[in-house]
Every structure is written in C-alpha cells, then in structure tokens.
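Colleague: Mind having a look at this structure? Questions to follow.
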Amino acid sequence: MIWELPVLCVVGMTAFALRRVPGTTSAVLLTFTLSHLAAVTIAYPWTYGYKTILPVHLVFLFGALHLLRRQDVTAHP
C-alpha cells in the first residue's frame, strides 16, 4: 500500500533514535542510505523511464567498502 514506506521510515528512524540498532548494522544501513541518495541524485538524468540506478549504486557501495580501513587480524602488538 501507499502508507507502508512512510511507516517503515518512521519506525527505522525511531529505532536509530532509541539506539536499538547495533553499531555494525547501523553503519551498514547508513552507508547504504547515503549511497542510495547519491546514486539517485547523480543518476537521475540518465535513468528516466525503466532504466536502473543499480550500476551507480554499486559503484558507490564498492567505493565505500574500499575506503573503510581494514584491520589485520593476524598482527599482534
């Protein structure tokens, strides 16, 4: 229905505000949200009709993945 998306957004924002979402999951959801907004904004002129923003979205997500600092689990201080 038309009311499901606004309700889901309000429930999600409430869960974030009450800190009910674990740290790692919160980081993943925030990265996905920012990537989606950037992909929609940048790809909008080229995606009129039935074209998808998926390629731009994937570029942003993989870019975010490579920007994250990896920790070497085998190194010990």
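Residues checked against (1) at negative phi; (2) part of a helix (DSSP H, G or I); (3) touching a residue at least 60 places away in the same chain (Cβ under 8 Å); (4) surrounded by 13 or more Cβ atoms within 10 Å (Cβ to Cβ):
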| position | (1), (2), (3), (4) |
| --- | --- |
| Arg19 | no, no, no, no |
| Val28 | yes, yes, no, yes |
| Phe32 | yes, yes, no, yes |
| Ser35 | yes, yes, no, yes |
| Ala38 | yes, yes, no, yes |
| Thr41 | yes, yes, no, no |
| Tyr44 | yes, yes, no, no |
| Lys51 | yes, no, no, no |
| Val56 | yes, yes, no, yes |
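Colleague: Output yes when any residue across the range 29-41 is β-branched (Val, Ile, Thr), modelled with pLDDT of 80 or more and under 10 Å from the mean Cα position of the chain (by Cα), and no when none is. Reasoning before the result, please.
Modeller: Pass one, the range 29-41, residues β-branched (Val, Ile, Thr): 31, 33, 40-41.
Checking the rest, the ones that are also modelled with pLDDT of 80 or more come to 31, 33, 41.
When the remaining residues are screened for being under 10 Å from the mean Cα position of the chain (by Cα), the result is 31, 33.
Yes, the conditions are met somewhere in the range 29-41.
Colleague: Could you tell me which residue of the range 54-77 is nearest to Phe16 (Cα to Cα), considering only residues that are modelled with pLDDT under 75 and among the hydrophobic types (A, V, I, L, M, F, W, C)?
Modeller: Leu68
The values are calculated or read from the model by the stated rules, or taken from the named source; none is laboratory data. These figures come from a predicted structure and were not determined experimentally. Quick reminder, even Gly has a Cβ in these numbers, built from the backbone with ideal geometry, and neighbours come from all protein chains shown.
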